[in-house]
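Chemist: Dropping the structure in here first, questions after.
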Amino acid sequence: MDVKTYWEKVYTTKTPDTVSWYLPHLETSLALIARTGAALSSSIIDVGGGESTLADDLVSRGYQNVTVLDISETAINVSKQRMGEAAASVRWLVADVLGTELRPHTYDVWHDRAVFHFLTTMEQRICYVQNVARSVKRGGHVIVSTFGPEGPKKCSGLAVMRYDVDSLHGQFGAQFRLIESSKELHKTPQGTTQQFIYCYCRVE
């Protein structure tokens with residue numbers, strides 16, 4: 001089963017509030033985006049944000065240039081339906097972040113909660129970082145969250161990578177200056193706890 005088919009199956013068999021990474025509001029991400037100082041007209045992309053409520057909250061806070069990229073059309077359609085008329089103000093991209101060439105020097109803020117840790121090969125991670133470096137403006141901001149060292153070894157039946165702050169930042173390199181990092185204990189809808197880490201960087 002290819003990656004797209006796999007995730008379409010996940011999103012067609014589970015409701016949005018039962019997937020393990022579900023949060024009603026991504027408060028940590030919203031706080032980090034606010035700390036970037038991005039203007040309401042800034043270009044923000046949420047990678048893997050198909051069913052996430054981040055776009056809802058950004059639009060409600062007045063951000064005018066929000067893009068959501070997800071490999072699953074089903075997930076994106078769920079968000080469109082939930083947002084109603086407000087969905088028209090978001091740019092929706094059904095694509096694999098590893099297989100699409102995003103426009104160069106476009107984004108002021110790149111946000112990813114829980115995609116990067118699914119990239120288990122060096123080739124995948126290099127491709128991802130190259131896409132970030134190409135599409136984020138110089139001086140732009142990158143927020144990436146993955147499972148921490150004590151996080152699960154698998155998610156949705158797939159193997160994942162776990163990182164501490166240094167090893168996650170090390171995947172991106174010197175071009176990305178680390179501004180801030182934090183840990184978060186996420187309580188899943190099933191009642192278990194998952195350790196996440198967040199790295200917030202500036203593109204030099």
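The values are calculated or read from the model by the stated rules, or taken from the named source; none is laboratory data. None of these values were measured; they are calculated from a predicted model. Cβ atoms come from the backbone with ideal geometry, glycine included; neighbour counts cover every protein chain shown.
Chemist: Looking at Asp96, is it of a type in the set (Asp, Glu), part of a loop (DSSP other than H, G, I, E, B) and at pLDDT 95 or above?
Modeler: Details: of a type in the set (Asp, Glu): yes; part of a loop (DSSP other than H, G, I, E, B): yes; at pLDDT 95 or above: yes.
Yes.
Chemist: Please go through the range 63-73 and give me each residue that is over 16 Å from Leu102 (Cβ atoms), buried (at least 18 other Cβ atoms within 10 Å of the Cβ) and touching a residue at least 40 places away in the same chain (Cβ under 8 Å), ordered by number. First the steps, then the outcome.
Modeler: Of the range 63-73, the ones over 16 Å from Leu102 (Cβ atoms) are 63-64, 72-73.
Remaining after also requiring buried (at least 18 other Cβ atoms within 10 Å of the Cβ): 63, 72.
Residue satisfying the conditions is Ser72 alone.
Chemist: Now, a different point. Quickly run through the range 120-162 and pick out the residues that are small (Gly, Ala, Ser) and not in a strand (DSSP E or B).
Modeler: Step one: list which residues in the range 120-162 are small (Gly, Ala, Ser), which gives 133, 135, 139-140, 145, 148, 151, 156-157, 159.
Within the range 120-162, Ala133, Ser135, Gly148, Gly151, Ser156, Gly157 meet the criteria.
Chemist: List, please: which pairs have Cβ atoms under 8 Å, are six or more places apart or on different chains, and start with a residue in the range 114-143 that is on the phi > 0 side of the Ramachandran plot and end with one that is surrounded by 15 or more Cβ atoms within 10 Å (Cβ to Cβ) and not in a strand (DSSP E or B)?
Modeler: Taking only residues 6 or more apart or on different chains, the pairs are Ala114/Trp21; Ala114/Gly48.
Chemist: Exactly one condition in (1) crowded, with 18+ Cβ neighbours inside 10 Å; (2) assigned to a loop (DSSP other than H, G, I, E, B); (3) more than 15 Å from the chain's Cα centre (by Cα) is false for Pro16; which is it?
Modeler: All conditions pass for Pro16, except number (1).
Chemist: Here's something else I'd like to know. For the range 23-55, give me each residue that is part of a loop (DSSP other than H, G, I, E, B), in contact with an Asp or Glu (Cβ under 8 Å, 6 or more places away or on another chain) and hydroxyl-bearing (Ser, Thr, Tyr).
Modeler: Thr36, Ser42, Ser52
Chemist: Identify, from the list Ile33, Ile44, the residue that is in contact (Cβ under 8 Å) with a residue 12 or more places away in the chain, within 22 Å of Tyr200 (Cβ to Cβ) and in contact with a Leu (Cβ under 7 Å, 6 or more places away or on another chain). Walk me through how you get there before you give the answer.
Modeler: Values: Ile33 fails: in contact with a Leu (Cβ under 7 Å, 6 or more places away or on another chain).
One residue alone meets the criteria, Ile44.
Chemist: Right, here's the next one. Name the single residue that is surrounded by the most Cβ atoms within 10 Å (Cβ to Cβ) among those in the range 180-197 being under 22 Å from Arg35 (Cβ atoms) and without any contact (Cβ under 8 Å) to a residue 24 or more places away in the chain.
Modeler: Restricting to residues being under 22 Å from Arg35 (Cβ atoms) and without any contact (Cβ under 8 Å) to a residue 24 or more places away in the chain, the top hit is Ser181.
Chemist: Another question about this same structure. Considering the range 70-91 alone, what residues qualify as being in a helix (DSSP H, G or I) and hydrophobic (A, V, I, L, M, F, W, C)? Don't jump to the end; show me each part of the working.
Modeler: The initial filter retains those residues of the range 70-91 that are in a helix (DSSP H, G or I), namely 73-89.
Listed by number, the residues that qualify are Ala75, Ile76, Val78, Met83, Ala86, Ala87, Ala88.
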